[in-house]
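Heads up: the structure comes next, in structure tokens.
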Amino acid sequence: MTGRAGDGREPSVVAAIVSGGGAARTIDCPLPDRGCTLTVHLSGEGRPVLFIHGFPLDHSMWSEQMPLAARFRLIVPDLRGFGHSGAGEGIRSIEQLADDLAALLGAIGEDRPVVVCGLSMGGYVAEHLVVRHRRLVSGLVLVDTRMEADNDAARAGRAALSERVAVEGASAACEMVPRLLATSRAALPEGRATAAMLEARIRDTKPDTIRRALAALAARPDMTDALSRLDLPALAIIGEEDSITPREAMERITRTIAGSRLVVVPRSGHMTPLENPEVFNRELAAFVEGLGPA
Ligand code: MLT
């Protein structure tokens, strides 16, 4: 293991471990054209899968997907400003976050098209990535997310939360944790452990990142038309008890992207990959393997 570097122009290894899933590395990857350094976790071999985290979390929300490194190359970044990634000029838009990831794929030397898997905010970023950089993407997995822009009530809710974060700090955003998780698991020890982990992640997030991300989320465009023109394999996954993303929003996705289908995962809320990794990983792996060799 090496110390955290990342101020130079070359990707620098922050940590390296060798486990049953093969060598895993954490890299600080400078993106000079984007004006920031992203931290990315790389493991496994095979068809590349890029995982994009939700708001206001980081790469660690994909911890239960790490065993998939036995079958695929996993590329798991922290988005600009989140986790250990630098903020550069700060978050300005969802499009900017998508362009950051396109640059990151080049910087780590991934020249094969990747399967992009994004949850909620990560799903919005995934939609922009595939629309803006179609040749970089071989398949799209949208998890607990939607295509539509915010309505006025959603924008007002984000503005109110942003004000609270400005005054109280990141912990104000912990109010969303109970809504992230399935009510059927809330009282169980594993449900409480997941909630505590999410709260810790949120408290570690910089208030400026949370507030800028809220503004970018509120300003994001409707992607329905753009997604209706897509021609690529796509899968939609939602937790059966998701109380943030309406099931109908994901059904609209599958009606919009030709050939896509919806999987409903039991005993899961909005954090399906964490709450029911067994079913989530099985569905994701079947989709990725269905695309054939990379
Ligand atoms: C997320 O989980 O990323 C957020 O719920 C996204 C959103 O607020 O739209």
What are the residues in the range 114-132 that are within 11 Å of the ligand (Cβ to nearest atom) and either of a type in the set (A, V, I, L, M, F, W, C) or out of contact with any Leu (no Cβ under 7 Å at 6 or more places or on another chain) (or both), if any? Leu119, Ser120, Met121, Gly122, Tyr124, Val125
So, in the range 151-169, of the ones that are more than 15 Å from the ligand (Cβ to nearest atom) and touching a residue at least 24 places away in the same chain (Cβ under 8 Å), which residue ends up nearest to Lys206 (Cα to Cα)? Gly169
Only one of Ser243, Ser268, Ser184 is assigned to a helix (DSSP H, G or I) and among the polar types (S, T, N, Q). Can you tell me which? Ser184
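Conditions tested, residue by residue: (1) touching a residue at least 40 places away in the same chain (Cβ under 8 Å); (2) within 13 Å of the ligand (Cβ to nearest atom); (3) assigned to a loop (DSSP other than H, G, I, E, B); (4) closer than 28 Å to Leu50 by Cα.
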site	(1), (2), (3), (4)
Gly139	yes, no, no, yes
Ala149	yes, yes, yes, yes
Ala172	no, no, no, no
Arg179	yes, yes, no, yes
Glu190	no, no, no, yes
Within the range 271-280, can one find any residue that is in a loop (DSSP other than H, G, I, E, B), within 16 Å of the ligand (Cβ to nearest atom) and within 23 Å of Ser138 (Cα to Cα)? no
Out of all the residues in the range 60-80, which are within 16 Å of the ligand (Cβ to nearest atom), more than 18 Å from Ile237 (Cβ to Cβ) and crowded, with 22+ Cβ neighbours inside 10 Å? Pro77, Leu79, Arg80
Does the range 236-281 hold any residues that are in contact with a helix residue (DSSP H, G or I) (Cβ under 8 Å, 6 or more places away or on another chain), among the hydroxyl-bearing types (Ser, Thr, Tyr) and closer than 27 Å to Asp225 by Cα, and which are they? Ser243, Thr256, Ser260, Thr272
Among the candidates Ser184, Ser243, Ser228, Ser268, single out the residue that is among the polar types (S, T, N, Q) and buried (at least 21 other Cβ atoms within 10 Å of the Cβ). Ser268
I'd like to know if the range 90-109 contains one or more residues that are within 14 Å of the ligand (Cβ to nearest atom), crowded, with 23+ Cβ neighbours inside 10 Å, more than 13 Å from the chain's Cα centre (by Cα) and modelled with pLDDT of 95 or more. yes
State whether the residues of the range 170-178 include one that is polar (S, T, N, Q) and surrounded by fewer than 16 Cβ atoms within 10 Å (Cβ to Cβ). yes
Looking only at residues that are in a loop (DSSP other than H, G, I, E, B) and either hydrophobic (A, V, I, L, M, F, W, C) or loosely packed, with under 14 Cβ neighbours inside 10 Å (or both) in the range 246-265, which one is nearest to the ligand (Cβ to nearest atom)? Pro246
Sole exception among (1) outside any helix (DSSP H, G or I); (2) crowded, with 24+ Cβ neighbours inside 10 Å; (3) β-branched (Val, Ile, Thr) for Thr26, by number: (2)
I need the full set of residues from the range 43-59 which are more than 10 Å from the ligand (Cβ to nearest atom) and more than 22 Å from Gly292 (Cβ to Cβ), in order please. Asp58, His59
Answer yes or no: is there a residue in the range 215-235 that is away from the ligand (no atom under 13 Å from the Cβ) and in a strand (DSSP E or B). yes
Across the range 28-57, what is the number of residues that are of a type in the set (Phe, Trp, Tyr) and free of Cβ contacts under 8 Å to residues at least 40 places away in the same chain? 0
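The values are calculated or read from the model by the stated rules, or taken from the named source; none is laboratory data. Because the structure is predicted, anything quoted here is derived from the model rather than measured. Cβ coordinates were reconstructed from backbone atoms using ideal geometry, including for glycine residues, and neighbour counts include every protein chain displayed.
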